[in-house]
Amino acid sequence: MGLAGLAGLWIRGYRRARRVDRDNPPIGRFVDVDGVRLHYIERGTGTPVVLLHGNGAAVEDFTSAGLVDLLARGHRVVAIDRPGFGYSDRPRDRSWTAETQAELLERAFAQLGVDRPVVVGHSWGALVALALAARARTDLRGLVLIAGYYYPVRRADVAMVAPLALPIVGDAARAVLGPLIGRMAARWLVAKAFAPNAIPGRFSREFPIALSVRPSALRACAEETALMIPAAAALQNSYRRLALPVTILAGAEDHLVETERHAVRLHRDVPHSRLHVFAGVGHMLHHFVPEHVAAAVESMSRGAPI
């Protein structure tokens, strides 16, 4: 395909993305941090709680799980679209490692007046939460980690998805994949993430799948898939030095992350941790046991894990 063809694909992809944006307006507000525009929602008052979603998701993952409403009864809840997802920017002037995202979020906390929050991280968001905790300057009340990938275990999806992050070739591929198979692939991945359970009706109604298959979001997904193994490798030596309470939640039937090789091992490595493994649920356990997430946050706000 020539340059004219690639340009045409890019333009069509850009126009489709603009239509998706118009059909799915932001539900929150924006803050500009270090040249990055971050989209976030804020609910409630009290001890601050920050929610960090996983790869391919957005703040609507937490709202559709009922977790934001549940936590907002007694806390100031701030859920942030991580760079490249939802309506947050992901500039190409830096590599968006877990540490880079943690530094950005640290500055966002300062601008938003978020002081000593409990940080709840799901999946890739759990890696960012751990990177925040590893930063000497970040003062946190504690971590609630849900269905995280914590150790550099090989994954087949890296080789398949990572090429979509490449400039030019990846850009063209995403422009084609978005309209042709993006939605189909996204729905298959969502079904696998929720397995062995059915996809909840509220998630289907409220989560904007169309935002997740825009070319920019597909690039963010591909980059985070490629960065997952090195991110875990970079962080794993810091786990034993964590000096804050950590609650680890995992689904016994997780089809995306092996609970024994990640959650159970992390519990052994983190001195101040508690582990809860829930039978009959998988990677999206916060949709099925939100009250347990809320209980962990309540305990963290009082200074100790459950």
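The values are calculated or read from the model by the stated rules, or taken from the named source; none is laboratory data. Quick caveat: nothing in here was measured; it's all calculated off a predicted structure. Cβ: placed from backbone, ideal geometry, glycine included. Neighbour counts: every protein chain shown.
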| request: Of the conditions (1) assigned to a helix (DSSP H, G or I); (2) touching a Leu at 6+ places or on another chain (Cβ under 8 Å); (3) crowded, with 16+ Cβ neighbours inside 10 Å, Ala220 clears all except one; give me its number. | output: (2)
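Identify all residues within the range 284-301 that are in contact with a strand residue (DSSP E or B) (Cβ under 7 Å, 6 or more places away or on another chain), surrounded by fewer than 23 Cβ atoms within 10 Å (Cβ to Cβ) and modelled with pLDDT of 95 or more; write none if there are none.
Listed by number, the residues that qualify are Val289, His292.
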| remark: Within the range 189-213, the residues that are more than 23 Å from Val68 (Cβ to Cβ) and part of a loop (DSSP other than H, G, I, E, B) are Ala195, Pro196, Val213
| remark: Filtering the range 48-69 for residues that are farther than 22 Å from Gly84 by Cα, surrounded by 20 or more Cβ atoms within 10 Å (Cβ to Cβ) and either of a type in the set (A, V, I, L, M) or touching a helix residue (DSSP H, G or I) at 6+ places or on another chain (Cβ under 8 Å) (or both) leaves a count of 1
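One line per residue, one yes/no per condition, for (1) buried (at least 19 other Cβ atoms within 10 Å of the Cβ); (2) modelled with pLDDT under 95; (3) within 14 Å of the chain's Cα centre (by Cα):
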{"site": "Val78", "(1), (2), (3)": "yes, no, yes"}
{"site": "Asp89", "(1), (2), (3)": "no, no, no"}
{"site": "Leu127", "(1), (2), (3)": "yes, no, yes"}
{"site": "Pro152", "(1), (2), (3)": "no, no, no"}
{"site": "Leu180", "(1), (2), (3)": "no, yes, no"}
